[in-house]
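Report on the structure given below.
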Amino acid sequence: MLVLANAAALSDAQAQAIRAYVLAGGGLVATSDTSLADELGRPRGDHDRERARGCRRCRRGADPNAKDPPAVIVRRAARGRVVYLAAGIDAALLSYAYPYQRRILIRAIDWAAGEPFSISVDSPMAVHVTFWEQADASGRRIIVQLWNGIDSAASHGLPGMDVPLREETIPVHGIRVRFADPAPRRFHVEPGGLEILSRREGSSAVVDLPPLEVHAMLVGEY
């Protein structure tokens, strides 16, 4: 699953690689001016766009000379799926949390991916989540990092001068992490080394986390 957020400058080789990835079954969500210029920022003309045959051609689902081109193009390209959003919805969502823009992006990514993600987290939106994998002599593991973004001071400080201090925490309850098979065999929460049992729901392993104070890592050992 590839997201190109207004990636305007792409070389012909990059565009070809993206196109091959999509045609082979990859998912693509592109926004705004993605691929409209080459790697040096020079605008592509119609001939150049045809020659590049990159992600812009993959996403094209209507006559490019139409007077009223669509705002969203959703289409299949061979084995892959492509969503093109003409507006910079991703940039707008960064500036202000408008719920419909968030839902459009989520649905676009879910559809383009074509299958459930290997990890999904059910939590309030105040929880920030990222993950990565590690492998060393002791084995392979996946680490899900969670951050409680609730500020009990209600962000009263000036945005440019406020400091990231917490006088108190508001714990977040009911966080659930789902792992698609093949799922890790053992789970623990760090810091603290708290062992967590998982349960099966269909083809997934589900972990219910203890209340999140500020920061925690869920470690899944394979």
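Readers should treat all values here as calculations from the given coordinates under stated rules, not as data from a laboratory. Everything numeric in this text was worked out from a predicted model, so none of it was measured. Note that we place each Cβ from the backbone using ideal geometry, even for glycine, and neighbour counts take in every protein chain shown.
Annotations
- Cα long-axis angle, helix 12-23 against the chain (0 to 90 degrees, to the nearest 10): 70 degrees
- Around GLY25: net Lys/Arg minus Asp/Glu count, Cβ-Cβ under 14 Å: +3
- Rough spin-label spacing in nm, given labels placed 7 Å along Cα→Cβ, for ALA154 and ARG200: 4.9 nm
- Between the range 180-222 and the range 151-168, the alpha-carbon center distance in angstrom: 30 Å
- Secondary structure note: in the chain, about 85% of the DSSP beta bridges are antiparallel.
- Label-reachable residues, the range 143-178, where backbone N falls under 19 Å from a point 7 Å from HIS215's Cα toward its Cβ: 143-153, 162-172
- Dipole axis of the chain (+1 Lys, Arg; -1 Asp, Glu on Cβ), positive-most option in SER120, TYR84, LEU165: TYR84
- Packing, as the average of other Cβ atoms within 10 Å across residues, places the peptides 192-203, 20-31 in the order 20-31, 192-203, highest first.
- Rounded to 10°, Cα long-axis angle of helix 99-113 versus longest principal axis of the chain: 80 degrees
- Per-residue ³J(HN,Hα) for the range 159-166, Karplus 6.51 cos²θ - 1.76 cosθ + 1.60, θ = phi - 60°, Hz, x for Gly and Pro: x, x, 10, 5, 10, x, 10, 10
- Subtracting the Cα-Cα distance of GLU167 and ARG75 from their residue separation scaled by 0.36 nm leaves 28.1 nm.
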